[in-house]
Amino acid sequence: MNDYRSASLADRRTAQTDPGHRGTRRAASPPPPEDPPPRSHRGGGNGNGKMRILAWVAIATTGLMVAGSLTGYTLYRDAFGEIKQKPLNEDIINPRPADTGALNVLLVGSDTRAGDGNARYGQETARKADAGGKRTDTMILMHISPNRDEARLISFPRDSMVQIPRCKNETTKQEMPPRRDMINSAYNSGGIACTISTLETLTGIRINHFVEVDFSGFKNIVDALGGIEICLKSGVNDKASKLTLPPGKSLLDGEQALGYVRLRKYGDGSDIQRIKRQQNFLTKVVQKATSGDLLTNPAKLPGFIKAAAQSVTMDPDLAEDPERLLEIAQSAQKITAGGVKFTLIPWTPDPENENRVVWKQPDANELFNAIKSDTEVPTPEPSASTAPKVTIKPEQVQVQVLNGTTTFGKAKEVADMLSKQGFKVTGVGNYTAADGQPQPTTQIRYAKRATTGADYANVLAGMVTPKPAPTAGKITPSTTDAYISPVPLPSEGAKAKGTPVIQLIVGGDFKAVKVTKLPDSVNNSTITADQKNVCT
């Protein structure tokens, strides 16, 4: 008789959730629309655009302020000292995820109304209510791979309804109880520490550093560069953004640049088009700031570095670590040169309020798992066979998944993870050792007589965390069951006949299957900046 732990065909008919997806509804969710989430009644109609660009400025300034180190750090040490610092470790009171070796920087635009002329921006009611305070409508997580050669920028919609954990109030230091609320309220009431703790709790991703930037910071950077040239197909005359521009080329100063990136009523008026304009503009900022004209100009460069440094607030570990800042700068240059990838969390309307959104599952968790499993630089495994070395794809690897734990549904849960990454799961089941004890560690096994077994097993091992060492010699399952993949099998899966079947015995230390293939809802929300020059 089949044991309950594999939870495959029979369990699927009766249990629609499992330990890895608590509360996840199996009913089909509508695909995420290409426009932004429904606008909330709170915060007015101009929040998303201006806050998103502030976060984009954080991306640029984080890297640009270390441009001086490309020509000699000592000369610009005083400018680096202008960076405002805000310690936060003592204010994070919830358990934190493990550090995987990747670099995750939270970028937040601070919509402060206090000082430096910031109070003139935003709606009249917001200016009166928030004078001296701060808000944020968008948060972006900049994920840089452990080998610092790839980056992904993930945006969290401000209207997301999430579970906010207990936090300290940034000002009073009093503990606030957990609650369900809009994600931006974590920053509004608890500050940056509460925001980091909320995102870490929701995603399981360790956030290493943060960068805040405000309106004045954006203007100062553009002015320090001597303005940024843009090119428009048609002119602009928009009272809301206080901007008037002719068609063709224009050199924007800081004030005009702020109006341009906040511009709504232009082109098709969509938020998607505005994001592309913002990406293009920030690309131009990075290109000008890292150009030879600036880096080799001893009269201009120190002033620019100082303006950029004065525009941001960081945690002390980042602000006082030039090498880490340089890593971020180099990554920013790479992703700018190749086209900035901006990913919006997969979402669906909140059933309790059509003006709010909730994150679409399991798609959002698969995106988070992709980040969490980005833990090491891939290295080719040596072949244990004498056959000619060939590249083996996951689609060519057949796997039998066995549950060695006491967790209900674990075999099917892991089998679904593998299937979504292309592996051909031939079946699921359970394994109980002779002593009746659950398996503490995950194992990967292949038949002793399979000459290429180690090669196929190594492909599977490279996708499991923590990584098991493949072992020759298969075990006898306690129970077995058929398995139906939740996704269509790729064409390569049908060609797996004759290849060895690898066993994966899930142990108590199992964490995840690395995610290299993201759901369509994630891929469809990734926007790459259009680099065309309409004036040529």
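What follows draws every value from the coordinates through simple rules; no lab data is involved. In this text the structure is predicted, and so the values were computed from the model without any measurement. Cβ placement follows ideal geometry from the backbone for every residue including glycine, while neighbour counts extend to all protein chains displayed.
Computed over the Cα atoms of region 393-518, pair by distinct pair, the Kirkwood hydrodynamic radius stands at 14.3 angstrom. For the listed peptides 98-104, 355-361, 309-315, a ranking on the average number of other beta carbons within 10 Å per residue, highest first, reads 309-315, 355-361, 98-104. Set the Förster distance to 25 Å, then compute FRET efficiency between Glu82 and Lys300 from the Cβ-Cβ distance, nearest 0.05. My answer for the efficiency is 0.90. For the residue pairs Lys372/Lys410; Lys219/Lys517; Lys84/Lys249; Lys84/Lys173; Lys265/Lys288; Lys86/Lys511, the C-alpha atoms sit more than 29 angstrom apart in Lys219/Lys517; Lys84/Lys249; Lys86/Lys511.
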